[in-house]
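Here the structure is laid out as structure tokens; the discussion comes afterwards.
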Amino acid sequence: MTCKAYVNLQNIINDIPDNIKIVAVSKNRTVETIQQLYNSGHNIFGENRAQEFISKAPDLPIDIEWHFIGHLQTNKVKMIMPYVSVVHSVDSFKLLKEINKQARKSEKTIKCLLQFHIAQEESKYGLSLKEANEIIDKLVEVKLNNILIIGVMGMATFTKDCEVVSKEFRTLKDIFHTLKNTYFSGDENFREISMGMSDDYKIAIKEGATIIRIGSCIFDNAIQ
Ligand SMILES: *Cc1c(COP(=O)(O)O)cnc(C)c1O
């Protein structure tokens, strides 16, 4: 059975290179809606709030690859641990240590992306390159064996000005390459650039995204 969301997803897939991973952002969507898209053949989903995530995940198939994409408080790491595979929003060493601790207890390895502040807006979370350097320097000293740093994530300014958005995505790509060259040159796990949402994924792909996070273009009925 093919659902509307799957048709929308296929339209996106047909339009982009096939090495791009799509996280279907299912925040504000019901278990039934998520289950339908899963049944059609997609199993990578993203949630941005811990409480909502754990209210839905237990009722959905265990082989869903769940990505946590929103701001994550340290005290909420434990509750998402049974379900989560990838955390896109790491913005402190403290959070990384807690993810490692809970992952170890659950005998899991959690893939993590460092979230960077690339937008002009004050409200968006994320690290500066300097802060990221400090975190990675600590990681070299304190080995955390149950996390794997796989790349970087960022959100562009909410604007119709494509030049602004392009420039911010380019900044994230430059950060990725700087970190790659400085710390991860021999590490093939460090390879992901998570950027691009419904309104700007085409620009993000042009600027080097490897993972895009799409909600409304998949789940809303509006055809792009
Ligand atoms: C909601 C959300 C998305 C998806 O947004 P859409 O505009 O619906 O595609 C992507 N990333 C994050 C972090 C989000 O919170």
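The values are calculated or read from the model by the stated rules, or taken from the named source; none is laboratory data. For clarity, every value in this text was computed on a predicted model and none was experimentally measured. In this analysis, Cβ positions are derived from the backbone assuming ideal geometry, glycine residues included, and neighbour counts consider all displayed protein chains. Surface accessibility is based on the protein's heavy atoms, side chains included, excluding ligands, DNA and RNA. Shrake-Rupley method; radii C 1.70, N 1.55, O 1.52, S 1.80 Å.
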Next on the checklist: Consider the range 163-187. How many of its residues are open to solvent by less than 80 Å² (accessible area, probe 1.4 Å) and away from the ligand (no atom under 15 Å from the Cβ)?
Outcome noted: 12
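Suppose the filter is under 17 Å from the mean Cα position of the chain (by Cα) and within 15 Å of the ligand (Cβ to nearest atom); does GLU52 pass it? Before the answer, list the steps.
Values: under 17 Å from the mean Cα position of the chain (by Cα): yes; within 15 Å of the ligand (Cβ to nearest atom): yes.
Taking the combined requirement at face value, the residue satisfies it.
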Checklist entry - What single numbered condition from (1) modelled with pLDDT under 95; (2) farther than 21 Å from GLY154 by Cα fails to hold for GLN120? => result (2)
Checklist outcome for this item: Filtering the range 112-122 down to residues that are in contact (Cβ under 8 Å) with a residue 40 or more places away in the chain and farther than 19 Å from ASN133 by Cβ yields ALA119, GLN120
Next on the checklist: Condition first: away from the ligand (no atom under 14 Å from the Cβ) and of a type in the set (Val, Ile, Thr). Now tell me which residues in the range 20-33 satisfy that.
Outcome noted: ILE20, THR30, VAL31
Checklist outcome for this item: Residue count, the range 86-98, condition more than 16 Å from the ligand (Cβ to nearest atom), in contact with a Ser or Thr (Cβ under 9 Å, 6 or more places away or on another chain) and in a helix (DSSP H, G or I), comes to 3
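Look through the range 190-212, keep the residues that are near the ligand (Cβ under 8 Å from one of its atoms) and open to solvent by 10 Å² or more (accessible area, probe 1.4 Å), and return whichever of them is nearest to HIS67 (Cα to Cα). First the steps, then the outcome.
Going through the range 190-212, the residues near the ligand (Cβ under 8 Å from one of its atoms) turn out to be 197-199, 201.
Within this subset, residues satisfying the condition of being open to solvent by 10 Å² or more (accessible area, probe 1.4 Å) are 197-199.
Details: MET197: 14, SER198: 17, ASP199: 20 Å.
Of everything passing the filter in the range 190-212, MET197 is nearest to HIS67 (Cα to Cα).
When the range 190-224 is examined, which residues are found to be basic (Lys, Arg) and under 20 Å from LYS111 (Cβ atoms)?
Pass one, the range 190-224, residues basic (Lys, Arg): 191, 202, 206, 213.
Within the range 190-224, ARG191, ARG213 qualify.
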Checklist outcome for this item: If we ask which residues in the range 145-162 are open to solvent by 20 Å² or more (accessible area, probe 1.4 Å) and of a type outside the set (D, E, K, R), their number turns out to be 7
Checklist entry - What is the number of the single condition among (1) basic (Lys, Arg); (2) more than 26 Å from SER85 (Cβ to Cβ); (3) touching a residue at least 40 places away in the same chain (Cβ under 8 Å) that ARG170 does not meet? => result (3)
Next on the checklist: When the residues of the range 66-120 are narrowed to those that are of a type in the set (Val, Ile, Thr) and touching a Gly at 6+ places or on another chain (Cβ under 9 Å), which ends up surrounded by the most Cβ atoms within 10 Å (Cβ to Cβ)?
Outcome noted: ILE69
Checklist outcome for this item: Residues of the range 123-159 being of a type in the set (Lys, Arg) and modelled with pLDDT under 95, in sequence order, are LYS124, LYS143
Item to check | Output for the range 164-217, where each listed residue is of a type in the set (D, E, K, R), in contact with a strand residue (DSSP E or B) (Cβ under 7 Å, 6 or more places away or on another chain) and over 17 Å from ALA132 (Cβ atoms) | outcome: ARG213
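Could you check the range 106-224 for strands (runs of 3 or more DSSP E) lying wholly inside it with 2 or more residues that are within 15 Å of LEU96 (Cα to Cα)? If you could, list the steps in order and put the result at the bottom.
Values: elements: 110-116, 147-154, 192-194, 211-214.
Counting at least 2 such residues, we get 110-116, 147-154.
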